[in-house]
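As structure tokens, the structure follows; a few thoughts come after it.
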Amino acid sequence: MPEPDARTEAAKTRYEDLVLVEDRGRYAVLTINRPEKRNAMSQDAVRRLREALVQVRDKQAVVLTGVGPAFCAGMDLKEQAQLIGEHRYSQDVREWTTVQSEIRSHPAVFIAAVNGYALGGGSTLIHSCDLAIAAESAQIGAPEMGFGGFPTQAGPSAVKRVAPKHAAELILMARRVDAREAFRMAIVNKVVPDEELLSEAIAWAEQLAGFNPVALDWGKKTIQRMENLSWDDAMDYCSITSQITSMKSTASREGIDSFLQGNRGVGQGA
Ligand code: COA
């Protein structure tokens, strides 16, 4: 991976460099690279991130991080100010919502490596990732209330991912928390010294990349499905789906073999 210091020199980042993709075999590192604007998500940056997400669909784990003093300073406020009141504003917001769904439904397990400011949309990215590690210098918050608005994505994602009173504090008080407090609020899994952030995130990605890819993919999806289920429903969901899956894999193989041997069952053949 290029040295962050070399990249921060760029006055204006080229479109293809807005998100850097580093392929490491069974996992990848995605780096938001617009340090001069604190990795604010312009329309181009959002588009480029969506392309990068497609590029890493064959991975088991993805580390998401940023260049410079910010992980991501949220949506590009300059662009937003120009778009407010226009039809394109809602399209823009929708596209950012789509990014969150694309991370949540992605086959890879996502680890946010929070290297600095994660504000507004930057905090949404953390909530969308499956796991998160913060550098000691990270600062996380949803400052939208201070702009006279509700955090339309950072708000709901915080409500879904942290305890209700913590979410209310972040949203209603526009509270920016440091890494230790983010850990206490369970926004991140771990806090490490700044210089250890990437190596720690990469060690986590390497561990994930060693697991069975189907088990990992199902594991990620199952955790999401269970979020709103009762204890009994969650237990039932897992035992029913695992039984169907194991039955289906054996039964399907037998069915296909039988078809290939010339046998025709119900609904097969002319
Ligand atoms: N959108 C667009 N540009 C942004 C931005 C954003 N969300 N956040 C920072 N920038 C730009 C600044 O306008 C500035 O550009 P300029 O050099 O052309 O003037 C540049 O990034 C550096 O910002 P600056 O504030 O000088 O950096 P800093 O290191 O002192 O502070 C932040 C960094 C992230 C704390 C601060 O920029 C900030 O609070 N940004 C707004 C974050 C926010 O409220 N996000 C939620 C959006 S709803």
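The values are calculated or read from the model by the stated rules, or taken from the named source; none is laboratory data. Since the model is a prediction, treat every value here as computed from it, not as a measurement. Cβ placement follows ideal geometry from the backbone for every residue including glycine, while neighbour counts extend to all protein chains displayed. The area values use the complete protein model at the heavy-atom level, side chains included, leaving out ligands, DNA and RNA. Shrake-Rupley method; radii C 1.70, N 1.55, O 1.52, S 1.80 Å.
Out of curiosity, is I202 assigned to a helix (DSSP H, G or I), in contact with a Pro (Cβ under 8 Å, 6 or more places away or on another chain), surrounded by 16 or more Cβ atoms within 10 Å (Cβ to Cβ) and in the same structural domain as E22 (by TED's automatic domain parsing)? Against the criterion (assigned to a helix (DSSP H, G or I), in contact with a Pro (Cβ under 8 Å, 6 or more places away or on another chain), surrounded by 16 or more Cβ atoms within 10 Å (Cβ to Cβ) and in the same structural domain as E22 (by TED's automatic domain parsing)), I202 does not qualify. If you go through segment 67-91 and keep only what is crowded, with 21+ Cβ neighbours inside 10 Å and away from the ligand (no atom under 11 Å from the Cβ), you end up with just V67. On inspection, L49 qualifies as in a helix (DSSP H, G or I) and either closer than 23 Å to F211 by Cα or within 16 Å of the ligand (Cβ to nearest atom) (or both). Within segment 128-163, being small (G, A, S), assigned to a helix (DSSP H, G or I) and free of Cβ contacts under 8 Å to residues at least 24 places away in the same chain holds for one residue alone: G155.
Name the one entry in R57, R34, R14 that is away from the ligand (no atom under 15 Å from the Cβ) and at pLDDT 95 or above.
On the way: R34 fails: away from the ligand (no atom under 15 Å from the Cβ); R14 fails: at pLDDT 95 or above.
Going through R57, R34, R14 in turn, just one is away from the ligand (no atom under 15 Å from the Cβ) and at pLDDT 95 or above: R57.
Can S157 be described as open to solvent by less than 10 Å² (accessible area, probe 1.4 Å) and closer than 28 Å to V54 by Cα?
Values: open to solvent by less than 10 Å² (accessible area, probe 1.4 Å): no; closer than 28 Å to V54 by Cα: yes.
No.
The set of residues in segment 219-231 being part of a helix (DSSP H, G or I) and open to solvent by 100 Å² or more (accessible area, probe 1.4 Å) consists of I223, R225, W231.
Yes/no matrix, rows are residues, columns are (1) more than 18 Å from F110 (Cβ to Cβ); (2) surrounded by fewer than 19 Cβ atoms within 10 Å (Cβ to Cβ); (3) modelled with pLDDT of 95 or more:
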position	(1), (2), (3)
A167	yes, no, yes
L172	yes, yes, yes
V177	yes, no, yes
R184	yes, yes, yes
I187	no, no, yes
V191	yes, no, yes
E196	yes, yes, yes
E206	no, yes, yes
D217	no, yes, no
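Within the option set R34, R47, being farther than 20 Å from K220 by Cβ and surrounded by 19 or more Cβ atoms within 10 Å (Cβ to Cβ) holds for one residue only, R34. Against the conditions (1) surrounded by fewer than 24 Cβ atoms within 10 Å (Cβ to Cβ); (2) closer than 17 Å to L18 by Cα; (3) of a type outside the set (A, V, I, L, M); (4) modelled with pLDDT of 95 or more, G122 satisfies every one except (1). The number of residues in segment 29-48 being touching a residue at least 40 places away in the same chain (Cβ under 8 Å) and under 24 Å from A203 (Cβ atoms) comes to 3.
Does any residue of segment 98-116 turn out to be open to solvent by 50 Å² or more (accessible area, probe 1.4 Å), of a type in the set (D, E, K, R) and at pLDDT below 95? So far as segment 98-116 goes, no, none of its residues is open to solvent by 50 Å² or more (accessible area, probe 1.4 Å), of a type in the set (D, E, K, R) and at pLDDT below 95.
Against the test of being in contact (Cβ under 8 Å) with a residue 40 or more places away in the chain, farther than 23 Å from L216 by Cα and not in a loop (DSSP other than H, G, I, E, B), the options L125, L170 yield a single qualifying residue, L170. Just one of the numbered conditions (1) away from the ligand (no atom under 16 Å from the Cβ); (2) under 21 Å from L30 (Cβ atoms); (3) assigned to a strand (DSSP E or B) is not true of A118; which one? Result: A118 fails condition (1) only.
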